[in-house]
Amino acid sequence: MLTVDEARARLLAQARPVTGTETLGADAALGRVLAEALVSGVAVPPLDNSAMDGYALRVADWAAERWLHVTQRIPAGRVGHPLVLGTAARIFTGAPVPEGADAVAMQEDCELRDDHVRVLKAPTPGENIRRAGEDIRDGQAVLHAGERLTPARLGVAASIGATELAVYRRLRVAVFFTGDEIALPGRPLKPGQIYNSNRAMLLALFQGLGCEVEDLGQVADDLEATVAALKKAARHADVVVTSGGVSVGEEDHVKAAVARLGHLDMWKVAMKPGKPLAYGQVGDADFLGLPGNPVSAFVVFCLFVRPFLLKRMGAAGREPLAFTLPAAFERRKPGQRREFLRARVEQGRAVLYPNQSSGVLTSAAWADGLVDVEAGHTVHEGDDVRFWPLTELLK
Ligand code: AMP
Ligand code: MG
């Protein structure tokens, strides 16, 4: 048995980042992984500008009762004239501060009479001025290779005027679903059948990562059918993922099929749900075999598949953040394996979904995250537990 951390480290050591890159329009690059640093050719903001609607002035010209002549009006998008000594400029948020001015008094602190202004509060040098380059300096690397393009990063790229971005090519994932009992939604179930929930879930998870997904559909519990599906999947894919059929029963053919076509490692991981993790190679493709139980597939995806795929995509991922919360539950019987329990945060405490069976997928749909309980630990109400938000595990 491997610990979760050992298994993860082993798996990640096998993940070779893609090398192919392409240049994309920035508008089409959400979720993609940057392949080279993005260096700014401009300063942001380009000029000192006002952070407020108000009056630009020279601090030295200010006195408590002094009225300053307002000699110009500078709206955003225009450049004013150098400030005449002893005067003020009407100015608006985002407008360049005129040469000679060293403060902006916010209009709420000013009194206006005809074309003269009196500033009621003593201004301080630099007040309400956003400095040129305070966000980004000319020549600064604003984004780095390996960073995924989030909305804020796309905004930063736009802020320096970038229209095209060099990204790694999409990772190609092929997936199929084993089980004679599983049926696609869309028609009534026959006796003995259940709907295929892993397909909808996994396709969405791969899509969320920005992978190119090839869905090879459902494959019967039969060695030859599994071998044929695996061969087809491995032809174009970087990574082949399967659902079900990796346990020890005689209806589980995925392992034998992988072993026949390539190389297979079976890792027993001391975790619940999950446990068996099948990893291998078929041709040039990596192989990852997920358990059929939907909650196990979901948790194994979060803890193993996702970090593997991210590294494979060229992403330099940050570890997900975990939080410590008091438990709103009792778990008196220590488990033999580290458990990942579906939980919600209510009033600052971790509440468990009542049914923690690995077949109960509503637990994952309900959950905000996973409570992580080390093997051999009991949990009493009020004890601190580690909580992994799903937003972190899936970010
Ligand atoms: P297996 O890993 O093939 O032994 O399957 C374990 C359990 O998960 C069985 O109860 C299966 O019926 C169920 N299962 C397998 N594949 C799926 C799927 N795609 N959708 C929903 N349940 C599944
Ligand atoms: Mg099965």
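Remarks
- Restricting region 206-233 to residues that are touching a helix residue (DSSP H, G or I) at 6+ places or on another chain (Cβ under 7 Å), open to solvent by less than 40 Å² (accessible area, probe 1.4 Å) and more than 16 Å from ligand 1 (Cβ to nearest atom), the residue that is farthest from V173 (Cα to Cα): V227
- When residues in region 85-109 are screened for being open to solvent by less than 70 Å² (accessible area, probe 1.4 Å) and either in contact with a His (Cβ under 9 Å, 6 or more places away or on another chain) or among the charged types (D, E, K, R) (or both), 8 of them pass.
- Among residues of region 214-251 being without any contact (Cβ under 8 Å) to a residue 60 or more places away in the chain and of a type in the set (D, E), the one that is farthest from ligand 2 (Cβ to nearest atom) is E214.
- Against the conditions (1) in contact with a strand residue (DSSP E or B) (Cβ under 6 Å, 6 or more places away or on another chain); (2) under 27 Å from L310 (Cβ atoms), V84 satisfies every one except (2).
- Checklist (1) open to solvent by less than 40 Å² (accessible area, probe 1.4 Å); (2) in contact (Cβ under 8 Å) with a residue 60 or more places away in the chain; (3) over 22 Å from E214 (Cα atoms); (4) not aromatic (F, W, Y) applied to K268, failing item: (1)
- Residue match in region 341-354 (condition: touching a residue at least 60 places away in the same chain (Cβ under 8 Å) and open to solvent by 10 Å² or more (accessible area, probe 1.4 Å)): no
- Residue list for region 110-141, restricted to those being under 15 Å from L57 (Cβ atoms), surrounded by fewer than 16 Cβ atoms within 10 Å (Cβ to Cβ) and not aliphatic (A, V, I, L, M): E111, D115, H116, K121, T124, P125, G126
- Selected residue (criterion: nearest to ligand 1 (Cβ to nearest atom)) from residues of region 317-328 that are at pLDDT 95 or above and open to solvent by 20 Å² or more (accessible area, probe 1.4 Å): P320
- Residue check, D109 over 22 Å from the mean Cα position of the chain (by Cα), within 16 Å of ligand 1 (Cβ to nearest atom) and not aliphatic (A, V, I, L, M): no
- Among the residues of region 234-292, those that are among the polar types (S, T, N, Q) and more than 25 Å from the chain's Cα centre (by Cα) comprise S247, Q281.
- Subset of region 1-31 (residues that are free of Cβ contacts under 8 Å to residues at least 24 places away in the same chain and among the small types (G, A, S)): A9, A13, A28
- Count of region 146-185 residues which are within 20 Å of G244 (Cβ to Cβ) and either open to solvent by 70 Å² or more (accessible area, probe 1.4 Å) or within 16 Å of ligand 2 (Cβ to nearest atom) (or both): 11
- Condition met for L203 (in a helix (DSSP H, G or I), over 18 Å from G274 (Cβ atoms) and within 16 Å of ligand 1 (Cβ to nearest atom)): yes
- Some residue of region 33-44 being surrounded by 13 or more Cβ atoms within 10 Å (Cβ to Cβ) and within 30 Å of V299 (Cβ to Cβ): yes
The values are calculated or read from the model by the stated rules, or taken from the named source; none is laboratory data. Just so it is clear, the structure is predicted and the values come from calculations on it, not from any experiment. Glycine gets a Cβ as well: all are built from the backbone with ideal geometry, and neighbour counts include every protein chain shown. With ligands, DNA and RNA removed, areas are computed over all heavy atoms of the protein, side chains included. Shrake-Rupley method; radii C 1.70, N 1.55, O 1.52, S 1.80 Å.
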